[in-house]
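What follows is a single structure, written as structure tokens, with notes after it.
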Amino acid sequence: MLSTLLLIPFLGAFLLLFWPGQPVPGRMRVVTIVVLALQLAWSLRVLLAFDPGDGGMQLQESFAWVSSIGLDYRLGIDGLSLPLVLINAALTLVSAVCTRDISQRPRIYFALLLLISGAVNGAFLAENLLLFFLFYELELVPLWLLISIWGGTERAYAATKFLIFTAVSGVLILGAFLGLALLTGTVDFSLTPVLSERLAMGSQLLLLGALLIGFGIKIPLVPFHTWLPDAHTQASTPVSVLLAGVLLKLGTYGLLRFCLGLFPEAWALLAPWLAGWAAVSVLYGSLAAIAQRDMKRMVAYSSVGHMGYILLAAAAATPVSLLGAVFQMVSHGLISALLFLLVGIVYRKTGTRDLEVLRGLLNPERGLPFTGTLMILGVMASAGLPGMAGFISEFLVFRGSLEAFPLATLLCMVGSGLTAVYFLLLVNRAFFGRMAITPPSEDPVADARLDIRLAAVAPRETIPAMALAVGVVVIGLIPTWLGRISEAASTTMARLPGLVANLQSGGLG
Amino acid sequence: MPIISADLTHAGGRPTAAELEAKLLAGQTLLAETANHVMQVVDVLESYGEVLDAYSINLIYQAEQQFLNPLPAFRYLDGDLSPGKIWRHLIHDRLNFEYAEYCQKSMFWHGTGGLDAYLDSEAFRAGCSAIIRRKTGRDPLLALLHPLFPDFLLELIRSAATTHALGQFWRVMSDLFLDLARAEKDGQVSTVAAVVEFLRQGLVAAAANPITYAVEVAGERFWVLPPQAGLTFLADVAVPYIEAVFLRGMPFLGTVSFNAQAQQVSPDQSTFAYGALFADPLPTMGSGIPPSLLMQDMYRHLPERLHQWYRQTSRGEGDVRVKICLSFQKSMFCVTNAAIAGTFPQPLDHADPAAQAANRAYAASWAARLSHSRTDCLDACDL
């Protein structure tokens with residue numbers, strides 16, 4: 001059943017690549033949307049087959065592949081990966097739907113989208129470390145191409161920076177996995193949570209450190225974040241949606257699954273430092289967001305801040321905080337995708353994202369009133385207002401982490417307050433006041449008289465954003481739907497450090 | 001294709017005061033002479049005429065039937081209290097009579113000319129005393145209020161007098177605008193110059209119409225604005241109306257309301273520039289500000305020809321109220337143009353140097369004020 005989640009996008013990609021003749025871009029887009037809709041439907045089928053009460057891996061599939069080097073094809077799904085698989089299916093569909101005006105190489109563009117979606121599914125489902133690494137790397141090249149071919153004017157710089165950072169991340173992760181095998185003396189790369197208990201603490205810390213930096217680059221955490229704002233600024237809207245909504249989650253997923261999952265003992269030792277790192281990342285991301293004048297960069301820096309909550313939750317590693325981490329991954333996926341979509345609409349209609357230039361876009365007659373309305377909803381959700389997904393995730397993260405790391409949690413709460421600051425700045429500058437889309441001139445009277453003729457936003461252009469906004473509100477109002485899926489898994493994961501302690505004291509022996 | 005922001009903006013022309021003065025003295029129209037302008041101005045004035053008809057009826061009803069009513073909850077219903085009318089009122093399937101009240105308040109606040117002078121006269125005060133005596137004798141609430149606040153009822157009567165006067169003014173203007181639309185259909189008017197001339201003749205013809213106002217209190221009839229006061233249409237109502245509504249206005253008319261918050265509103269009422277000729281057609285901060293109220297009302301009565309053209313330009317129905325406002329501003333410049341032409345101290349072709357100097361001074365004073373207004377709408381342009 002899980003293999004189908006890989007087959008659908010990969011076969012779709014091949015279908016597009018070998019489609020005979022020169023089909024028009026619109027047809028390519030429709031085929032991609034159909035394939036992705038199938039993938040979403042199949043993901044929902046997996047959801048139906050999933051047993052929420054079981055905290056372990058389910059629906060497992062495996063066959064020996066290259067056993068001599070420990071590479072087995074083993075897939076499984078649990079309460080941590082299932083929401084991410086669903087988000088991946090939904091957001092890739094959204095980015096295909098919101099792709100318009102692809103003038104060059106539509107065939108490759110859509111094939112790469114499908115390839116990324118399949119690789120991400122593979123990474124979330126892999127139960128073998130090497131298999132995970134393969135999928136993790138597989139997603140990298142298509143994304144690099146998507147930025148460097150269909151990006152903005154500085155795309156070469158941004159794409160190369162992205163490639164270098166993520167390649168280093170891959171090397172570190174592979175190094176840690178190989179190191180683990182080397183030091184434990186096995187060639188078994190299967191995902192066994194307490195494999196590391198045989199290792200000395202020094203080795204554990206070394207391997208965990210490599211993984212932390214590797215995933216810290218991907219998440220990204222300060223100071224490894226510098227590739228992200230550039231990549232977002234140069235990427236087209238659909239690619240930004242994928243990058244923020246899905247690909248960053250590979251990092252946080254790796255953090256929970258491999259850092260916490262493989263090295264619970266070393267993790268417990270490092271946890272206070274990790275919580276401090278989370279607070280620094282949150283505060284730095286938020287403060288940097290305040291200083292931005294490009295709307296897209298502001299949203300990108302908000303991602304840096306909000307990903308810090310997941311590190312905090314993982315450091316605390318309580319059942320509630322880990323559940324909060326899952327919620328944060330899902331809600332950040334939806335909210336940041338929504339914000340990037342809306343910024344994309346603003347950019348497409350006005351030709352600028354500059355907060356020193358844009359004014360009054362909520363203008364009911366000649367502005368972008370509906371886009372502005374959704375933007376206000378999105379920023380409220382991001383700032384954690386009750387009734388929306390952001391509130392649930394932030395509340396769970398803070399509630400779960402406060403007792404373990406009160407200072408770091410309080411600092412992260414300040415970061416949450418700063419989210420309201422920078423997003424209110426964004427909304428106030430770009431959406432309120434007298435409408436303007438050009439830089440102010442020397443003559444304010446002339447500026448106040450400029451007639452502005454933006455093309456209207458067609459209803460179909462807002463459908464993807466509306467769907468995401470509905471998701472944000474539904475999760476905010478009925479969080480139990482998501483909570484039920486992930487609760488057992490996060491509780492199991494939170495037990496790991498205790499399990500290791502028991503093992504060492506011979507309690508379970 | 002990248003979108004260049006600058007391509008999406010349009011800046012209208014900004015004629016200098018000297019250019020405006022020269023046009024006024026030469027008898028040229030302020031608005032550029034194009035066939036499209038004629039269509040816009042005539043059609044928008046037709047819908048305005050329909051709206052003014054309703055406003056006028058309502059203002060006169062309020063002044064006569066809701067006179068000194070301390071709680072005029074049903075004042076917009078023109079006395080028709082049928083369930084259907086009340087229902088349409090509640091679901092807002094109606095005109096925004098609030099806009100008419102804004103204009104009345106504006107006139108009342110910026111009072112100029114003979115009407116304002118008469119409202120402060122002893123004769124008016126004496127007339128009001130008789131009315132108040134009669135009214136308080138039968139209304140216990142007013143009988144209680146009057147000794148406590150002796151100026152309150154007097155001020156309400158002044159307000160009612162302005163309301164009635166505005167109702168009478170709009171009666172004439174409504175008929176004039178609807179006549180203009182008929183004249184254009186009949187082929188008598190086909191240029192902007194002819195529109196201005198038609199309006200000028202209409203204003204001049206009604207110039208000497210008396211403005212009077214009487215109320216009936218407990219079966220007895222009282223004059224509020226008696227014929228003896230000698231108030232006339234052009235000098236005492238039309239010109240003060242233009243001053244109050246076209247030029248000065250109130251700070252909350254349109255986007256300039258932000259200036260009030262920024263303490264940028266002039267303390268000198270006479271230099272206010274928030275009227276219809278200064279209003280920003282782009283509504284800011286949503287609905288509800290007075291210009292958009294009027295545009296909503298005019299939208300209900302838009303002639304099909306103009307509506308059809310609006311549907312074809314820019315966002316079609318999406319920004320139709322902005323387009324109505326742009327056309328409306330063009331038409332208001334025509335009305336102002338006609339009013340100026342009708343009130344020159346001497347005929348424009350007068351040979352006497354002293355008469356010419358007087359005309360020049362008159363044109364210069366208007367041009368100085370208009371040069372700060374939204375003259376960017378005077379050029380021919382698509383919307």
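The values are calculated or read from the model by the stated rules, or taken from the named source; none is laboratory data. Source: prediction; values computed, not measured. Because the Cβ atoms are built from the backbone with ideal geometry, glycine has one as well, and the counts that use them run over all protein chains shown.
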Among the numbered criteria (1) within 14 Å of chain B (Cβ to nearest Cβ); (2) in contact with a strand residue (DSSP E or B) (Cβ under 8 Å, 6 or more places away or on another chain), which one does residue A:349 miss? (2)
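Would you mind finding the one in A:190, A:203, A:236 that is closer than 15 Å to residue A:159 by Cα and among the polar types (S, T, N, Q)? Let's see the steps before the verdict.
Values: A:190 fails: closer than 15 Å to residue A:159 by Cα; A:203 fails: closer than 15 Å to residue A:159 by Cα.
Within the list A:190, A:203, A:236, the selection yields A:236.
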Complete set of residues in the range B:300-321 that are crowded, with 16+ Cβ neighbours inside 10 Å, touching a residue at least 60 places away in the same chain (Cβ under 8 Å) and within 14 Å of chain A (Cβ to nearest Cβ): B:310, B:314
If a residue counts only when it is touching a Gly at 6+ places or on another chain (Cβ under 9 Å), which helices (runs of 4 or more DSSP H) contained entirely in the range B:96-154 have at least 1 such residues? B:97-109, B:113-119, B:140-148
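When the residues of the range A:457-509 are filtered to those that are part of a loop (DSSP other than H, G, I, E, B) and surrounded by fewer than 19 Cβ atoms within 10 Å (Cβ to Cβ), which remaining residue is modelled with the highest pLDDT?
Within the range A:457-509, the match that is modelled with the highest pLDDT is A:478.
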Take residue B:326 and tell me if it is in contact with a Pro (Cβ under 7 Å, 6 or more places away or on another chain) and not charged (D, E, K, R). yes
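Test residue A:431 against the criterion of being within 14 Å of chain B (Cβ to nearest Cβ) and in contact with a helix residue (DSSP H, G or I) (Cβ under 6 Å, 6 or more places away or on another chain), and give yes or no. Show your work before the answer.
On the way: within 14 Å of chain B (Cβ to nearest Cβ): yes; in contact with a helix residue (DSSP H, G or I) (Cβ under 6 Å, 6 or more places away or on another chain): yes.
Yes: the conditions hold for residue A:431.
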Please list, ordered by first then second residue, the pairs with beta carbon atoms under 9 Å, 6 or more apart or interchain, first in the range A:129-140 and under 12 Å from residue A:173 (Cβ atoms), second among the aromatic types (Phe, Trp, Tyr) and modelled with pLDDT under 90. A:129/A:189; A:130/A:189; A:132/A:189; A:133/A:189
Please verify whether residue A:359 is modelled with pLDDT under 95 and in contact with a strand residue (DSSP E or B) (Cβ under 6 Å, 6 or more places away or on another chain), treating the condition exactly as stated. yes
The range B:295-383: helices (runs of 4 or more DSSP H) wholly inside it with 1 or more residues that are over 30 Å from residue A:458 (Cα atoms) are B:320-342, B:353-370
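So that you can scan it fast, the table gives a plain yes or no per residue for (1) among the charged types (D, E, K, R); (2) more than 19 Å from residue B:241 (Cβ to Cβ); (3) modelled with pLDDT under 95; (4) surrounded by fewer than 21 Cβ atoms within 10 Å (Cβ to Cβ):
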{"position": "B:150", "(1), (2), (3), (4)": "no, yes, yes, yes"}
{"position": "B:157", "(1), (2), (3), (4)": "no, yes, no, no"}
{"position": "B:166", "(1), (2), (3), (4)": "no, no, no, no"}
{"position": "B:169", "(1), (2), (3), (4)": "no, no, no, no"}
{"position": "B:173", "(1), (2), (3), (4)": "no, no, no, no"}
{"position": "B:176", "(1), (2), (3), (4)": "no, no, no, no"}
{"position": "B:184", "(1), (2), (3), (4)": "yes, yes, no, no"}
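Only one residue in A:202, A:245 is in contact with a His (Cβ under 9 Å, 6 or more places away or on another chain) and modelled with pLDDT under 95, so which one is that? Can you show your working first?
Details: A:202 fails: in contact with a His (Cβ under 9 Å, 6 or more places away or on another chain).
A:245 is the lone residue from the list that is in contact with a His (Cβ under 9 Å, 6 or more places away or on another chain) and modelled with pLDDT under 95.
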Residue set B:170, B:223; condition part of a helix (DSSP H, G or I), among the aromatic types (Phe, Trp, Tyr), in contact (Cβ under 8 Å) with a residue 12 or more places away in the chain and over 20 Å from residue B:30 (Cα atoms); output residue B:170
Given the conditions (1) modelled with pLDDT of 95 or more; (2) over 17 Å from residue A:407 (Cα atoms); (3) of a type in the set (A, V, I, L, M, F, W, C), and given that residue A:310 satisfies all but one, which numbered condition is not satisfied? (2)
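Is it the case that the range B:343-366 has a residue that's more than 14 Å from chain A (Cβ to nearest Cβ), under 25 Å from residue B:182 (Cβ atoms) and among the hydrophobic types (A, V, I, L, M, F, W, C)? Give the derivation first.
As a first pass, look at the range B:343-366 and keep what is more than 14 Å from chain A (Cβ to nearest Cβ): B:343-366.
Next cut, under 25 Å from residue B:182 (Cβ atoms) only: none.
No, the conditions are met nowhere in the range B:343-366.
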Consider residue B:24 carefully, then state whether it is part of a helix (DSSP H, G or I) and more than 14 Å from every other protein chain (Cβ to nearest Cβ). yes
Counting only residues that are within 21 Å of the chain's Cα centre (by Cα) and surrounded by fewer than 21 Cβ atoms within 10 Å (Cβ to Cβ), the range A:384-412 contains a total of 2
Does the range A:297-316 include one or more residues that are surrounded by fewer than 24 Cβ atoms within 10 Å (Cβ to Cβ) and of a type in the set (D, E, K, R)? yes
